[in-house]
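The values are calculated or read from the model by the stated rules, or taken from the named source; none is laboratory data. In this text, all values refer to a predicted model and were calculated from it rather than measured experimentally. Here the Cβ positions follow ideal geometry from the backbone for every residue, glycine too, while neighbour counts run over all protein chains shown.
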Amino acid sequence: MSKQIALLRGINVGGKNKVPMAALRAALTDRGFGGVVTYVASGNVVFDDPGTPPEETAAAVGAVVEEEFGLRIAIVVRTRDEIADVIAGNPLPEGAAEPARFLAVFLSEPAPADAWFRTVDPASYAPDRYEVGDRVVYVWCPGGLGRSKLAADFSGRKLAVTATARNWNTVLKLLELADG
């Protein structure tokens, strides 16, 4: 059976937007989602494909989160195959060699031409690097994410679309769970 993966933005970060994963699994299962598995507390949910487009699935998951936990949060949903394509299409293999310093920033839709990361010179962030893919931006910060202006810009409100970032270890694990 095919799978979808919901990526919840900004939950369980700094004590805000608390969503216990066991309660989220139970709430989604109660609302008809099958095979629900969560990975770490940052809001990664793998489940059987409900037969709806990812955008509709995101709205359905969002409705459950709002009803159950009182939170209105951004959610990006990808299919198992889309996650596999993100991994296969990685243009920064040196980043994958340092997975804790390498992010996939999942976008809700293609970024517009005037999005800040399409209009600035990527070299201005050196040694950090990024490459724009199809509804994903690959971000590698060899000096670490904590001090990176690039990582901060991608996690902030500067994006023109809904986005949520996952480190490369998480991306690989999500595919593994979807294949499990």
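Restricting to the stretch 50-66, name every residue that is closer than 10 Å to residue 28 by Cα and either at pLDDT below 95 or β-branched (Val, Ile, Thr) (or both).
61, 64, 65, listed by residue number.
Here is a list of conditions, (1) out of contact with any Leu (no Cβ under 6 Å at 6 or more places or on another chain); (2) within 14 Å of residue 174 (Cβ to Cβ), and residue 52 meets all of them except one; can you say which number that is?
(2)
What tally of residues in the stretch 129-166 results from selecting those that are free of Cβ contacts under 8 Å to residues at least 24 places away in the same chain and surrounded by 21 or more Cβ atoms within 10 Å (Cβ to Cβ)?
Residues that pass the stated criteria total 1.
Could you go through the stretch 63-76 and let me know if any residue there is under 27 Å from residue 13 (Cβ atoms) and part of a strand (DSSP E or B).
Yes, the stretch 63-76 contains at least one residue that is under 27 Å from residue 13 (Cβ atoms) and part of a strand (DSSP E or B).
Among 172, 150, which is under 18 Å from residue 89 (Cβ atoms), of a type outside the set (Gly, Ala, Ser) and not in a loop (DSSP other than H, G, I, E, B)?
172
Given the condition within 22 Å of residue 13 (Cβ to Cβ), under 15 Å from the mean Cα position of the chain (by Cα), buried (at least 20 other Cβ atoms within 10 Å of the Cβ) and free of Cβ contacts under 8 Å to residues at least 40 places away in the same chain, answer yes or no: does some residue in the stretch 78-87 qualify?
Checked against the condition, which is being within 22 Å of residue 13 (Cβ to Cβ), under 15 Å from the mean Cα position of the chain (by Cα), buried (at least 20 other Cβ atoms within 10 Å of the Cβ) and free of Cβ contacts under 8 Å to residues at least 40 places away in the same chain, the stretch 78-87 yields no hits at all.
Is the stretch 95-104 home to any residue that is part of a strand (DSSP E or B), over 23 Å from residue 58 (Cα atoms) and touching a residue at least 60 places away in the same chain (Cβ under 8 Å)?
Checking the stretch 95-104: at least one residue is part of a strand (DSSP E or B), over 23 Å from residue 58 (Cα atoms) and touching a residue at least 60 places away in the same chain (Cβ under 8 Å).
Would it be correct to say that residue 32 is without any contact (Cβ under 8 Å) to a residue 24 or more places away in the chain, in a loop (DSSP other than H, G, I, E, B) and out of contact with any Cys (no Cβ under 8 Å at 6 or more places or on another chain)?
On the way: without any contact (Cβ under 8 Å) to a residue 24 or more places away in the chain: yes; in a loop (DSSP other than H, G, I, E, B): yes; out of contact with any Cys (no Cβ under 8 Å at 6 or more places or on another chain): yes.
Yes; evaluated as a whole, the condition is true for this residue.
Looking at the stretch 1-34, which of the residues that are surrounded by 13 or more Cβ atoms within 10 Å (Cβ to Cβ) and on the phi > 0 side of the Ramachandran plot is modelled with the lowest pLDDT?
Result: 12.
I need the full set of residues from the stretch 117-141 which are closer than 20 Å to residue 166 by Cα, hydrophobic (A, V, I, L, M, F, W, C) and not in a strand (DSSP E or B), in order please.
Matches in the stretch 117-141: 117, 141.
Restricting the stretch 1-49 to residues that are small (Gly, Ala, Ser) and under 15 Å from residue 164 (Cβ atoms), which is farthest from the chain's Cα centre (by Cα)?
Taking the stretch 1-49 first, the residues small (Gly, Ala, Ser) are 2, 6, 10, 14-15, 22-23, 26-27, 32, 34-35, 41-43.
Subset that is under 15 Å from residue 164 (Cβ atoms): 6, 10, 41-43.
Numbers: 6: 8, 10: 10, 41: 13, 42: 10, 43: 9 Å.
Top of the filtered list is 41.
Quick one: count up the residues across the stretch 1-29 that are closer than 25 Å to residue 105 by Cβ and either in a loop (DSSP other than H, G, I, E, B) or of a type in the set (Asp, Glu) (or both).
We begin by selecting, within the stretch 1-29, every residue closer than 25 Å to residue 105 by Cβ; these are 2-19, 21, 24, 28.
Among the residues that remain, those that are also either in a loop (DSSP other than H, G, I, E, B) or of a type in the set (Asp, Glu) (or both) are: 2, 9-12, 14-15, 17-19.
Residues meeting the conditions: 10.
How many residues are among the basic types (Lys, Arg) and under 10 Å from the mean Cα position of the chain (by Cα) when one looks only at the stretch 162-180?
The number of residues fulfilling the criteria is 1.
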